[in-house]
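Accompanying notes for the structure given below.
What follows is calculated from the coordinates using simple rules that are stated; it is not laboratory data. Note that the structure is predicted; figures quoted are calculated from it, not measured. Every residue, glycine as well, gets a Cβ built from its backbone with ideal geometry; the counts of neighbours run over all protein chains shown.
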Amino acid sequence: MDLIKCTFDELPSAMQMHVLYCEKITVAEYQLAIWSNKDTLYYNNLPEKEVVRFISLIESDKKFINNRTMDSIYKKYGWAVYNEIHEAHSEYLKKGREKVAEQIAQEYFPIIEKTMKKPSIPYCDELLKAMSHLADKGHFKFKEWSTDQAYIYFMGYLLGSGKLEWEGRLS
């Protein structure tokens, strides 16, 4: 994560909008802003040691950050800093799950494609959505089904029949 020490006026305009209108932080209260998509942390008047601590919390693989730690941040720096750290941590975990999901999709996609060539089972739309973003490249084999419906169904069928194994990697 990139660290940039700056005043509010030196923030990129998108981050100024985020601070003022999304997080509803006044210019005088600005201490920390995190741009998760660009992996950048902007801060003002915070000790470098604390900023490094915040990064270690954000990049923690734990599902939940320690309540005592977050409570102490809330008491010392207020809601704005607490919330920025919490949201950045959630985004970090989400990116990790998306990376695992992409790996699983790459592994399962060829198996599903092979099975889809000869469907012998009726359509069912109660399965979870998965893999459709890999499938539709402007052409699709089954015109009566949408891409995500067909891939969801076949992935569910293969999981249920034991041809694919769910290993709990996205729990």
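Multiplying the residue separation of N44 and F109 by 0.36 nm and subtracting their alpha-carbon distance yields 18.8 nm. Relative to the 2.2 N^0.38 Å rule of thumb, segment 38-90 has a C-alpha radius of gyration ratio of 1.05. Simple spin-label estimate for V100 and C22 gives 2.5 nm between the two label positions (7 Å along the Cα-to-Cβ direction from each Cα). Take the Cα of I55, step 7 Å toward its Cβ, do the same at D71, and the gap between the two points is 2.9 nm.
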